[in-house]
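Encoded as structure tokens, the structure appears first; notes follow it.
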Amino acid sequence: MIFPALLRAYGRITRRATFGVVGDLPPLEDIPDQIIYAETADLYQVTLLGRGRWPWSPPEPIGRFSFPACTIDKVAGSPDNFVALTDTLHMKFHRDYVRISVLDRAMA
């Protein structure tokens, strides 16, 4: 699918987010994904990255979220500025920021 390729390219260009898990996860952090998405074959995991303390230090993982691959409705844009829409998430990956909007299923 195009979303992982765009997100990997976005990570190389901006160093703000990347596809997959970066760094060590605390032991209990992965349990909700295993329970909620137990029947889901493909689970996309996105790691949000923050700037290091010094300009030459590598980016540090500051957050992580995941969602089933089958829920992606639309992906549009270029590698340094794209939008991905699912049934519950609107994700905007811009050169200067990452914006994640979580939609309430009760309102949809």
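The values are calculated or read from the model by the stated rules, or taken from the named source; none is laboratory data. Values in this document were obtained by computation on a predicted structure and should not be read as measured data. Ideal geometry is used to build each Cβ from the backbone, glycine not excepted, and the neighbour counts take in all protein chains shown.
Which residue pairs have Cβ atoms under 9 Å apart, sit 6 or more places apart or on different chains, and have a first residue in segment 65-90 that is more than 27 Å from residue 23 (Cα to Cα) and a second that is polar (S, T, N, Q) and loosely packed, with under 15 Cβ neighbours inside 10 Å?
That search, which allows pairs on different chains as well, returns 87/71.
Enumerate the pairs (first residue in segment 38-50 and under 17 Å from residue 89 (Cα atoms); second residue anywhere and at pLDDT 90 or above and among the small types (Gly, Ala, Ser)) with beta-carbon separation below 8 Å, excluding pairs fewer than 6 apart on the same chain, so at least 6 apart or on different chains.
Close Cβ pairs (under 8 Å, with a partner that is at pLDDT 90 or above and among the small types (Gly, Ala, Ser)) amount to 46/17; 47/17; 48/17.
In segment 58-95, which residues are in contact with a helix residue (DSSP H, G or I) (Cβ under 8 Å, 6 or more places away or on another chain) and of a type in the set (Asp, Glu)?
Across segment 58-95, the qualifying residues are 80, 87.
Can you name every residue in segment 90-104 that is under 15 Å from residue 77 (Cβ atoms) and exposed (fewer than 13 other Cβ atoms within 10 Å of the Cβ)?
95, 96, 97, 99
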